[in-house]
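Here is the structure we will look at, set down as structure tokens.
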Amino acid sequence: MQFMYRAVTDSGQIIEGIYEANSEQEVLSMLRNNEYMPISIEHKEEEKPVSSYFSKKVTKKDIAVYCRQFYTMLNAGVSIIKCLDILEVQTENKAMRNATRAVFDDVQKGMTLSESMRKYEKVFPSLLVNMVEAGEVSGNLDVIMERMAIHYEKENKIENKVKGAMIYPIVLGVVSIAVVIFLLVAVMPTFIGMFESSGIELPAPTKLLLSISDSLKNQWYIYLASILILALIIGYFGKQESGRLFIDGLKLRIPIFKDTSIKIATSRFTRTLSTLLSSGIPLLQALDVVSKIVNNRFLSLRLENAKEEVRKGIPLSRTIKEVRVFPPMVDSMIKIGEESGSLDEILNKSADFYDEEVEVAIQKMTEMLQPLLVVFMALVVGFIVIAMALPMFDMVNTVQM
């Protein structure tokens with residue numbers, strides 16, 4: 001059962017919270033053990049399990065803000081339990097708010113922060129949980145939270161740049177499709193009667209457009225159903241292991257997207273590995289965490305193979321070179337870091353370099369996509385115009401004869 005309580009601290013501050021217990025007496029004992037003066041204790045109606053709240057996606061921005069707030073309070077000397085109590089109130093994301101409430105209850109019962117966070121993997125990423133565990137062991141949890149805040153702020157920045165760069169091509173693509181549909185559905189029918197009354201033999205392109213126009217007007221539901229079915233098939237395929245491997249492999253091979261995808265993956269790999277190693281996490285464990293958060297199944301499998309090679313005693317620089325995804329500079333920098341004993345620092349500098357390279361790659365990708373879409377739209381619209389004009393030329397020639 002859950003109980004809502006209000007109490008007064010030694011400093012006279014009124015606090016509120018929720019505590020899971022079998023009776024009010026247990027809540028009362030908890031408050032007295034913490035030297036709080038109880039004001040009220042009320043039974044709280046049972047709610048859905050915490051896992052059922054995870055319908056709203058937790059973004060990197062949410063995680064970054066959460067870690068930044070956690071760091072600020074820890075650095076100011078606030079206890080972990082009090083931090084969680086405050087975060088529950090001020091966290092805007094519903095999933096994080098409910099997970100924080102559950103973590104708050106677990107920590108009060110004696111569980112460590114990392115152990116409790118690991119129970120709610122849909123909210124707290126494995127990277128954050130492993131870093132929190134390292135911070136608890138080393139006693140510098142506040143430093144870890146600051147590093148995580150910086151890490152997720154940079155991740156969020158890259159994601160926003162990619163999304164922002166894709167807005168114009170997507171809008172242009174949607175407008176192009178809308179213009180084509182308008183020409184076929186609204187413009188083409190006005191010429192049908194004129195073409196039929198002329199008695200001339202229609203060219204093949206015109207016949208094709210007329211049939212497409214007629215089917216769009218009278219059988220639009222077939223097109224809609226086909227698009228929905230295709231989207232479901234692609235979605236299902238993308239969730240399968242073979243489908244994820246195929247799609248993620250394409251991202252690293254398609255010319256237009258290849259450069260951007262590789263540099264984003266490189267930036268994420270070097271920054272995450274640097275953060276883990278600088279926090280005292282062993283290399284094998286760090287590689288295991290990195291392989292799960294690179295957001296590309298194709299690359300993830302190769303990093304798992306690299307981890308096994310490192311386990312056998314092969315240098316990391318050589319195994320990363322065998323991954324054959326990252327730019328040559330990465331394994332060279334890793335080799336320098338291994339020889340100098342400053343691998344985490346070298347990786348951090350590499351991450352900063354590739355953060356800037358990501359911006360350049362995104363700009364190039366956008367510059368390539370825009371003219372391609374414009375040319376594609378011009379070709380389609382031009383074909384429609386020519387297909388409508390050809391019968392008119394034939395009609396003029398017939399009248400002149």
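Observations on the model:
- Put simply, the amide H of I39, placed in the peptide plane, has neighbours under 5 Å in R6, A7, V8, leaving out anything fewer than 5 places away on its chain.
- For the listed peptides 31-40, 127-136, 148-157, a ranking on the average number of other beta carbons within 10 Å per residue, highest first, reads 127-136, 148-157, 31-40.
- Compared with the dominant principal axis of the Cα atoms in the chain, helix 24-33 is inclined by about 70°.
- Shown is the FRET efficiency for V374 and N218, computed with R0 = 45 Å from the Cβ-Cβ distance and rounded to the nearest 0.05: 0.90.
- With Cα atoms, 0 to 90° folded angle of helix 141-182 axis to the chain main axis: 20
- Close amide H pairs (under 5 Å, H built 1.01 Å from N) link G17 with Y5, residues at least 5 positions away or on another chain.
- Taking one quarter of the surface of the C-alpha convex hull of the chain gives a mean projected area of 28.0 nm².
- Summed side-chain charge close to V185 - residues other than V185 whose Cβ falls under 15 Å, Lys, Arg +1, Asp, Glu -1: 0
- Where trypsin sites (Lys or Arg not before Pro) fall in DSSP loop in the stretch 282-389, at most 11 other Cβ within 10 Å: K312, R324
- Residues in the chain average 55 Å² of solvent-accessible surface per residue, probe 1.4 Å, ligands and nucleic acids excluded.
- Out-of-range pairs (alpha-carbon distance over 28 Å; input K94/K163; K61/K335; K61/K349; K60/K119): K61/K335
- Gain on full extension, evaluated as 0.36 nm per residue between V89 and E308 minus their Cα-Cα distance, stands at 74.5 nm.
- Between 0 and 90°, nearest 10: helix 220-239 axis offset from the chain longest Cα axis: 40
- Derived scalar couplings ³J(HN,Hα) [the stretch 5-15; Karplus, 6.51 cos²θ - 1.76 cosθ + 1.60; whole Hz; x for Gly, Pro]: 10, 10, 8, 10, 7, 4, 7, x, 7, 8, 10
- With every protein chain in place, the chain: carbon and sulfur % of accessible area (1.4 Å): 60
- Rounded to the nearest 500, the helix-only mean residue ellipticity at 222 nm of the chain stands at -25000 deg cm²/dmol, with each DSSP H run of n ≥ 4 adding -39,500 (n - 2.57).
- Sequence of Y66, Y120 when ordered by accessible area, the most exposed leading, probe 1.4 angstrom: Y120, Y66
The values are calculated or read from the model by the stated rules, or taken from the named source; none is laboratory data. Keep in mind that what you see is a predicted model, and the values were worked out from it rather than measured. For neighbour counting, all protein chains shown are included, and Cβ atoms are generated from backbone atoms with ideal geometry for every residue, glycine included. Please note that ligands, DNA and RNA were not included when accessible areas were found on the heavy atoms of the full protein model with its side chains. Shrake-Rupley method; radii C 1.70, N 1.55, O 1.52, S 1.80 Å.
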